[in-house]
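The values are calculated or read from the model by the stated rules, or taken from the named source; none is laboratory data. This is a predicted model, so every value here is computed, not measured. Backbone-built Cβ (ideal geometry, glycine too); neighbour counts: all protein chains shown.
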Ligand SMILES: Cc1cc2nc3c(=O)[nH]c(=O)nc-3n(C[C@H](O)[C@H](O)[C@H](O)COP(=O)(O)OP(=O)(O)OC[C@H]3O[C@@H](n4cnc5c(N)ncnc54)[C@H](O)[C@@H]3O)c2cc1C
């Protein structure tokens, strides 16, 4: 058995940032990774993907973007390179090709079975990602077997698709990006849009992520959000990280020739049935976008920036064709491919510990698994602030959780802010505002 004080599972940016924080506190640890550093970006993303967060925002503890294109959007290869460099920079003790198969409670900590080795650790940090597998709805079982079904994990480029029409299900960041890419290849595309978050790429001359940060929205703490479950399950915004920062809303996609239909509700006898509430869904998304733009304008006024920025304006409401079809026969060859862009899920099925809720998700309080002292969770949406959903959120999340872990190990005079073991994390400030 290998003894170590702490084990971090996963060498994505979250696990590596935690490694850096543990090293700062001289906490002996290893990072167990089933593949290589940045494995999910190497193996689970489609090649044309670019981050939808601007380069200046890709920062981690001890790392800031230092390239010559701060307002650009990183392609996947650059994300892999950035995270790989970061692993070297922080000297993370990564054991690659070491998949963790089971974790169970043990006297004084946890037993972690990884590859052929059994580890014992007093503290365990789960950093295996919020997007470990595609979330596919049950109706997938009713889709005719003649249709080629793909997910964002299996999609590479339009060249792999059979000839014919494509139904993209889901109109969040992944769905709108892939619908646009497939449409550009000349295939007819139908996009089924359920609840979505509409945001402009830029507003009053600034990137939308500049506004999300400046207004303080990204720094909102998990324990101050009214409907935390909803916030944690919010779809990703309809944004694309294209060079030139162009808009990707449903109006634009429809104008390009993509047929936008309602949420895919059922598939019966080979016919896809779409919700008739598309116009309402879009009106709600427009309303919420305008609510945020109002907040942005108020903030700019209060900050005395009104005269330095272009004047406020609003975007055209989403225009829904009243003849939008409510059904589509999937058996007649009109549609040959269906792409599930219906979100992602974490995968903690290998944990032999009783803290999963009935949906298989870990119950936690800002990343502290209170039912299993010494266990921590990272990399989940709105883990401790709204920024946790994004790469840079790991900066403050790891600061707070490493401080908690440090105290848990019996160092009550930790110099870092964060709650103490045994107290509710809800009463403690996360590691400060996003700067
Ligand atoms: C399509 C897509 C686009 C995104 N775009 C952006 C964006 O523009 N900007 C942004 O900030 N964020 C973006 N994100 C969100 C976010 O950055 C990712 O969810 C991020 O990868 C999470 O980082 P992580 O380190 O927590 O997990 P991951 O990067 O997923 O790393 C988890 C690691 O754990 C390893 N692992 C898993 N299970 C085991 C096991 N049992 N044993 C050992 N190792 C294991 C995996 O191999 C992997 O290396 C995007 C996510 C997706 C899916």
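Against the list (1) in a loop (DSSP other than H, G, I, E, B); (2) modelled with pLDDT of 95 or more, the condition residue 66 fails is (2). Residues in segment 354-370 that are assigned to a loop (DSSP other than H, G, I, E, B) and at pLDDT 85 or above: 363, 364, 366, 367, 369, 370. Going by the conditions given, is residue 10 in contact (Cβ under 8 Å) with a residue 40 or more places away in the chain, surrounded by 20 or more Cβ atoms within 10 Å (Cβ to Cβ), near the ligand (Cβ under 9 Å from one of its atoms) and within 14 Å of residue 96 (Cα to Cα)? Here the answer is yes, as residue 10 does meet what is asked. Among the conditions (1) touching a residue at least 60 places away in the same chain (Cβ under 8 Å); (2) touching a strand residue (DSSP E or B) at 6+ places or on another chain (Cβ under 8 Å), residue 216 misses just one, which is (2). Check off (1) out of contact with any strand residue (DSSP E or B) (no Cβ under 8 Å at 6 or more places or on another chain); (2) at pLDDT below 95 for residue 79 and give me the number that stays unchecked. (2) is the only condition that residue 79 fails.
If you take the residues in segment 40-58 that are more than 10 Å from the ligand (Cβ to nearest atom) and part of a loop (DSSP other than H, G, I, E, B), which one is nearest to residue 209 (Cα to Cα)?
48
If you go through segment 349-365 and keep only what is within 20 Å of residue 8 (Cα to Cα) and over 16 Å from the mean Cα position of the chain (by Cα), you end up with 349, 350, 351, 352, 353, 354, 355, 356, 362, 363, 364, 365. Looking across segment 18-37 at every residue that is near the ligand (Cβ under 8 Å from one of its atoms) and crowded, with 23+ Cβ neighbours inside 10 Å, the one that is nearest to residue 114 (Cα to Cα) is identified as 32. The residues of segment 201-256 that are under 21 Å from the mean Cα position of the chain (by Cα), surrounded by fewer than 17 Cβ atoms within 10 Å (Cβ to Cβ) and at positive phi amount to a single one, 216.
Taking (1) under 18 Å from residue 30 (Cβ atoms); (2) in contact with a helix residue (DSSP H, G or I) (Cβ under 9 Å, 6 or more places away or on another chain) in turn, residue 78 satisfies each apart from (1).
Applying the criterion of at least 3 residues that are more than 19 Å from residue 170 (Cα to Cα) and modelled with pLDDT of 95 or more to the helices (runs of 4 or more DSSP H) found wholly in segment 224-313 leaves 278-302.
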